[in-house]
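Report on the structure given below.
The values are calculated or read from the model by the stated rules, or taken from the named source; none is laboratory data. Model, not experiment: these values are computed from the prediction. All Cβ positions, even for glycine, are placed from backbone atoms using ideal geometry, and neighbour counts span all protein chains on display.
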């Protein structure tokens, strides 16, 4: 009898671990599908009270990944991106600024629906994946996958992946009370059958002049600032010096990520006339924590719980030995 | 005419029928500007940002002229403060003043500097909820490894004011 229960227990255990494996496999398939398939559609992004519809065209032409995102409802807001083009990891954003079009370049961001990195190892350390029910999104059958945070230092995600192709159809960010903070989902989706690439060029508005945005960041810098103890699972992924017009000194920016959630730490000297900021606030899914350390303004920003931004803000310090050598 | 120019650059207009466009683009003025802008867009899209069109090179040289300090520190802060009263004095006083009383001016620099340093310390910290740091939010969105938030951002990072 005992043996029977033992065997039953073992088989249940293997079933549940198989189910978890299946959930991770689905996420892995989803990460690749977003990059390898050819598709077009419309998705809606919502954060707090703000909402935006975007038309997307994605093509993988023999390993060369091309995406065009056109923001559909931005007539009221100046400065909003109108078109976002990406090729591989290069991203070009065109936005309207008064009567000019400003061109901005970025690198290496995972844009919807390619929100999941193809390497899931970092995420596996901090989240648990489980398969949920099947639901319909934009007329497609989707497998629900819950990506639940293992601790209170990050929010959880709910992911809807196309059961046939794996493509991520919908994703929500939920807090620890199961409240949805941020949502992005396809409302229309179809496969792209043509090999034509004529869509991959911006529509030039002849009534406007175009200019490059001044470079605002120098990537991969080093400085004497250290964050003594990062919240579990987070690692530093970049360190930049932001050149901000009107500010005498560049702003130090460090970016930390647990594989999917990310936090930025900003450090700048409090120059004359600058009013120091302290305290904490939340806007939609974003939490901000500010405090002053030794004549410097410390600001931490991220789509993470308040505890995480506060922990990072408190862990900042200056490398003393290097400072005294100067 | 700009429409035709755009079509020409996109290869949608026969080069033989575009003599008038090329002539006026060469002649300068608005059409020459457009020519440079449209090529800039093409270069950016193709990832060829190192080519030497006038607009991008002007941006680059402006950037080179800007001093870049990689790590902010307190020494830099003082230097910047000293430079502000210097320019003010140059505007309000004649060269004669300088030649006679350079040492007095030097003392004044220090005086003004100390005054301003004190002012900085007198500013009371404000609760962050009263003043949303938009520039930080946008810089975070621009650097985050994955993001959708910039589809709804309302202002550009470079336009932030102190």
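Quick check on this structure: which one of A:277, A:236 is at negative phi and surrounded by fewer than 19 Cβ atoms within 10 Å (Cβ to Cβ)? I'd like the intermediate steps shown before the answer.
Details: A:277 fails: surrounded by fewer than 19 Cβ atoms within 10 Å (Cβ to Cβ).
Just one listed residue meets the conditions, A:236.
I'm checking my understanding of the structure. Among residues of the range A:284-301 that are more than 7 Å from chain B (Cβ to nearest Cβ) and in a strand (DSSP E or B), which one is farthest from residue B:139 (Cα to Cα)?
Looking at residues that are more than 7 Å from chain B (Cβ to nearest Cβ) and in a strand (DSSP E or B), I get A:293.
Quick one: residue A:258 ticks every box in (1) touching a strand residue (DSSP E or B) at 6+ places or on another chain (Cβ under 7 Å); (2) more than 7 Å from every other protein chain (Cβ to nearest Cβ); (3) more than 18 Å from residue B:134 (Cα to Cα) bar one, so which box is it?
Failed condition: (1).
Are there any pairs with C-beta distances below 6 angstrom linking a residue in the range A:25-43 that is closer than 27 Å to residue A:124 by Cα to a residue that is assigned to a helix (DSSP H, G or I), with the two at least 6 apart or on different chains, and if so which?
Partner pairs satisfying both residue conditions: none exist.
Taking residue A:238 as the residue in question, decide whether it is within 9 Å of chain B (Cβ to nearest Cβ), within 19 Å of the chain's Cα centre (by Cα) and assigned to a strand (DSSP E or B). Please lay out each step first, then the result.
Working: within 9 Å of chain B (Cβ to nearest Cβ): yes; within 19 Å of the chain's Cα centre (by Cα): yes; assigned to a strand (DSSP E or B): yes.
Taking the combined requirement at face value, the residue satisfies it.
Among the listed residues A:207, A:190, A:156, identify the single one that is loosely packed, with under 14 Cβ neighbours inside 10 Å and away from every other protein chain (no Cβ under 11 Å). First the steps, then the outcome.
Details: A:207 fails: away from every other protein chain (no Cβ under 11 Å); A:156 fails: loosely packed, with under 14 Cβ neighbours inside 10 Å.
Going through A:207, A:190, A:156 in turn, just one is loosely packed, with under 14 Cβ neighbours inside 10 Å and away from every other protein chain (no Cβ under 11 Å): A:190.
Consider residue A:268 against the criteria (1) buried (at least 20 other Cβ atoms within 10 Å of the Cβ); (2) in contact with a helix residue (DSSP H, G or I) (Cβ under 7 Å, 6 or more places away or on another chain): it satisfies all of them except one. Which criterion is unmet?
Every condition holds for residue A:268 apart from (2).
Could you check, for the range A:253-265, whether at least one of its residues is over 21 Å from residue A:110 (Cα atoms), touching a residue at least 24 places away in the same chain (Cβ under 8 Å) and not assigned by TED's automatic domain parsing to the domain that holds residue A:108?
no
Which residue out of A:92, A:148 is outside any loop (DSSP other than H, G, I, E, B) and facing another protein chain (nearest Cβ under 8 Å)?
A:92
Quick one: count up the residues across the range A:98-136 that are at pLDDT 90 or above and closer than 30 Å to residue A:204 by Cα.
Within the range A:98-136, the subset at pLDDT 90 or above is A:112-136.
Going one step further and asking which of them are closer than 30 Å to residue A:204 by Cα, we end up with A:112-115.
Count: 4.
Run down B:8, B:55, B:63 and say which single residue is within 18 Å of residue A:213 (Cβ to Cβ), at pLDDT below 75 and in contact with a helix residue (DSSP H, G or I) (Cβ under 7 Å, 6 or more places away or on another chain).
B:55
Residues of the range A:167-205 being farther than 30 Å from residue A:62 by Cα and in the same structural domain as residue A:116 (by TED's automatic domain parsing), which ones? Lay out the reasoning, then the answer.
Here is the first cut: in the range A:167-205, the residues farther than 30 Å from residue A:62 by Cα are A:172-183, A:205.
Answer for the range A:167-205, where residues must be farther than 30 Å from residue A:62 by Cα and in the same structural domain as residue A:116 (by TED's automatic domain parsing): A:172, A:173, A:174, A:175, A:176, A:177, A:178, A:179, A:180, A:181, A:182, A:183.
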